[in-house]
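The values are calculated or read from the model by the stated rules, or taken from the named source; none is laboratory data. Every value quoted in this text rests on a predicted model; they were computed, and no experiment measured them. Positions of Cβ are generated from backbone atoms using ideal geometry, with glycine treated the same way; all protein chains shown enter the neighbour counts.
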Amino acid sequence: MTAPPAPAAVGGVHIKYLHHCPRQLWLYGQGYRPEHRSELVAFGEVVDATTFTRRRDVDLGEAKIDWVTTGAVVHETKSSRAPSPAHTAQVRHYCLLLERRGVAVRGGTVHYPLVRRTVDVPWDDTARTRAEESEARARTVLAAPEPPDRLGRADCRGCSYRDYCWGDD
Ligand code: SF4
């Protein structure tokens with residue numbers, strides 16, 4: 001008897017997309033990558049590359065963490081001006097992945113350099129449960145045979161997948 005296939009690795013981008021729009025996660029899982037052409041993403045990469053120069057990326061394979069400071073605090077930098085639940089969910093997922101590797105994680109911080117703001121992300125039993133639930137939901141969406149429904153048009157503003165979802169509508 002052969003072993004069942006290992007579940008697909010769920011990275012930080014998967015979790016961010018899940019919380020933004022499950023359909024976006026599904027499309028991403030299918031290999032759709034319009035964000036390579038997005039000026040917004042390119043701008044974000046510039047912010048990312050110039051804001052913090054003394055950090056060190058932590059590459060977990062399925063996820064690349066911006067950097068981790070002493071005491072295991074996970075840091076994530078965003079080019080947007082508005083904090084989002086998707087960003088905190090992404091950091092919680094990194095905490096979960098690190099903890100599974102035996103790291104005693106203390107928590108996380110999301111940095112918004114354009115507005116000079118930070119948002120702390122606690123790491124405790126509740127956060128762990130939420131991270132595990134998000135991961136399970138992401139796996140369910142990725143394994144679905146059909147894409148989830150579109151969000152309302154107003155919620156799609158600024159999404160790099162808009163052309164695919166809405167065409168010329
Ligand atoms: S365009 Fe709208 S429905 Fe399509 S992936 Fe983006 S947010 Fe989701």
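Within region 61-83, the residues that satisfy the criterion of being under 13 Å from the mean Cα position of the chain (by Cα) and of a type in the set (D, E, K, R) are E62, K64, D66, E76, K78.
The residue pairs whose first member lies in region 13-36 and is closer than 21 Å to T77 by Cα, whose second member is among the polar types (S, T, N, Q) and assigned to a helix (DSSP H, G or I), and whose beta carbons are closer than 7 Å, counting only pairs six or more residues apart or on different chains, are I15/Q90; I15/S134; K16/Q90; Y17/Q24; L18/S134.
Being modelled with pLDDT of 90 or more and within 11 Å of G11 (Cα to Cα): is that true of H93 here? Taking the combined requirement at face value, the residue satisfies it. On the stretch given as region 8-17, residues that are more than 11 Å from the ligand (Cβ to nearest atom), surrounded by 19 or more Cβ atoms within 10 Å (Cβ to Cβ) and assigned to a helix (DSSP H, G or I) total 4. Of the residues making up region 136-169, those that are surrounded by 13 or more Cβ atoms within 10 Å (Cβ to Cβ), of a type outside the set (K, R), assigned to a helix (DSSP H, G or I) and near the ligand (Cβ under 9 Å from one of its atoms) are C156, Y164, C165. Restricting region 90-115 to residues that are out of contact with any helix residue (DSSP H, G or I) (no Cβ under 9 Å at 6 or more places or on another chain) and assigned to a helix (DSSP H, G or I), the residue that is surrounded by the most Cβ atoms within 10 Å (Cβ to Cβ) is L98. Put simply, of R101, R130, R117, R137 the only residue that is within 20 Å of Y28 (Cα to Cα), in contact (Cβ under 8 Å) with a residue 12 or more places away in the chain and out of contact with any Cys (no Cβ under 8 Å at 6 or more places or on another chain) is R137. Taken over region 56-88, the criterion of being part of a loop (DSSP other than H, G, I, E, B) and within 22 Å of R116 (Cβ to Cβ) is satisfied by D66, K78, S79, S80, R81, A82, P83, S84.
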